[in-house]
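A.B. asks: Take a look at this one; I'll ask things after.
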Amino acid sequence: RYRSCLVISGVLFWGTTSHTDPENTQRSKEKGEIPKLVNLNVFNGSVFRWTRPCYGVFNGKAHLRIENRLLPSGPTITDEIANAVFWTGLMNGMTKEFSDISSRMKFEDAKINVLKAARYGLGTQFKWVDGQEISAQDLIVNELIPIARQGLKKGGVHSDDINGYLNIIKKRVTTGQTGSQWMFDAWSELDSNENADTKTMMITKAILQRQNQNKPVHEWNMPGSDDTKPTQNVDDKVGNYMSSTLYSVEEDDLVQQVAFRMIKNNYNYVPVADEQGKLKGLITKARILEHKVIEGSQEVDEGIIVKDIMEINPPTADPSTSLSEVIRIMKEHKTKCLPVIHNEKIAGIITEFDIMKVSEYLMEKK
């Protein structure tokens, strides 16, 4: 394998070719032909950077675009427009304020600023032009918003739109409530007894409700009791309530290790699956205790593997099974959980605790 390169508009492209490639880019370059750079396009189609060069050939002419993917999404349309307005204003106003910013800021400082911003968000302390130390809040409010304002005016944007959207950016910064920060805070506000799947469902519901109001994220309140209650009825489907974050084991795993993980993570039921994710059985704390395994200091015999003590052919459900049917199956088989199977593979598990949460809601509603 060898490498070939092509320079277009000052951008250096590297393409890797081999004898199996349909195109020899080095030979195309030597003949004065326009190479397709297939490997580069495949790479760009599978690796997504914030900003990336995209190359193509159309009607015999090579072209290049710089694709900008840095604008954060949402969480509302209003927030997205405000982000785009702020960035556009900066791009239009920076050239006047800083005609050659590289003469006033080292590349290494810019690189470190990006890494710090990704890690600390609005808590970042930046190194700005001429070595000036400045907080993210002061940089955005006192330096960047004024530059964006002038850039938008130069572009002919209506003053009401300028003031409205840049004010959203300012309020978001001064309150410190971005979309990601709201989600972190909302997660912390929710009951610590809820599992990760339930919390995710609750937060998703709360986000949807606030998006429908189309208030910018800095005006969002934390999820309340109305947000965190399920809206489905008792005959709704298992897929809405099952836990999809699973810990599964294989038949030849040592029970000693499995028991340790179950105790450590407070798992009562663990599906047993093969490498393809197909259900082979179920192992439970009760099943382990039946074989003289005691939680705490006493260890499991080293020779026992999961296959020796697991429940074979446990009853199951699928995501479309109704909760009333799940209750019937649990009563019939005297079990406290059902693995949920989709396309012959384990998709989740529903337990008596999940059923109790739905029952609690229905009792409160009644």
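The values are calculated or read from the model by the stated rules, or taken from the named source; none is laboratory data. Treat the numbers as computed from the prediction; the structure is a model and nothing was measured. As a convention, Cβ positions derive from the backbone with ideal geometry for all residues, glycine included, and neighbour counts pool all protein chains shown. Areas reflect the complete protein model, heavy atoms only, side chains present, ligands, DNA and RNA absent. Shrake-Rupley method; radii C 1.70, N 1.55, O 1.52, S 1.80 Å.
A.B. asks: Explain nothing, just compute: Karplus ³J(HN,Hα) = 6.51 cos²θ - 1.76 cosθ + 1.60, θ = phi - 60°, for every residue of region 58-64 in order, whole Hz, x for Gly and Pro.
C.D. replies: Running phi through 6.51 cos²θ - 1.76 cosθ + 1.60 with θ = phi - 60° gives 9, 6, x, 10, 6, 9, 9 Hz.
A.B. asks: From the backbone phi of region 36-43, what are the Karplus-calculated ³J(HN,Hα) couplings (6.51 cos²θ - 1.76 cosθ + 1.60, θ = phi - 60°) in whole Hz, Gly and Pro given as x?
C.D. replies: Karplus-based 3J(HN,Hα) across region 36-43 equals 8, 6, 4, 5, 4, 5, 5, 4 Hz.
A.B. asks: Still on this structure, please answer the following. Starting from the 7 Å offset along Cα-to-Cβ, what nm value, one decimal, do you get for the label separation of K307 and I66?
C.D. replies: In this crude spin-label approximation the distance works out to 6.0 nm.
A.B. asks: Given 20 °C and 1.002 mPa s, how large is the Stokes-Einstein diffusion coefficient of region 311-366 in µm²/s, with Rh as the Kirkwood radius over Cα pairs?
C.D. replies: The calculation lands on 179 µm²/s.
A.B. asks: Provide the three semi-axes, in whole Å and in decreasing order, of the ellipsoid equivalent to region 139-190 as defined by the square roots of 5 times the Cα gyration tensor eigenvalues.
C.D. replies: Value: 29, 11, 7 Å, ordered largest first.
A.B. asks: Further question on the same structure: For region 13-141, which whole-number percentage of the solvent-accessible area (1.4 Å probe, protein heavy atoms only) is attributable to carbon and sulfur atoms?
C.D. replies: Taking all protein chains in place, region 13-141 shows 56 percent carbon and sulfur surface.
A.B. asks: Something else about it: Over all directions, average the projected area of the Cα convex hull of region 90-156 and note it in nm².
C.D. replies: Convex hull of Cα atoms, orientation-averaged projection: 4.4 nm².
A.B. asks: Averaging over every viewing direction, what projected area does the convex hull of the Cα atoms of region 107-194 cover, in nm²?
C.D. replies: Mean projected area for region 107-194: 7.8 nm², to one decimal.
A.B. asks: Find, among the trypsin sites (Lys or Arg not before Pro) in region 75-143, those assigned to loop by DSSP (not H, G, I, E, B) with at most 15 other beta-carbon atoms within 10 angstrom.
C.D. replies: Loop-located and lightly packed - R104, K106.
A.B. asks: Given the Cα-Cα distance of N212 and V141 and 0.36 nm per residue of separation, how much length would full extension add, in nm?
C.D. replies: Once the chain is fully extended between N212 and V141, it gains 22.7 nm.
A.B. asks: Which distance in nm do the two modelled labels at D109 and E251 give, with both placed 7 Å along the Cα-to-Cβ direction?
C.D. replies: Inter-label distance under the simple model: 6.5 nm.
A.B. asks: Would you mind calculating the gained length between D100 and V129 on full extension (0.36 nm times residue separation, minus the Cα-Cα distance), in nm to one decimal?
C.D. replies: Between D100 and V129, full extension yields 9.3 nm more.
A.B. asks: How large is log10 I(q)/I(0) at q = 0.11, 0.19 Å⁻¹ when the Debye formula is applied to the Cα atoms of region 16-112, each weighted equally and without solvent?
C.D. replies: Treating every Cα as an identical point scatterer, log10 I(q)/I(0) equals -0.59, -1.04.
A.B. asks: In nm, what is the difference between 0.36 nm times the number of residues separating S188 and C54 and their Cα-Cα distance?
C.D. replies: 44.2 nm
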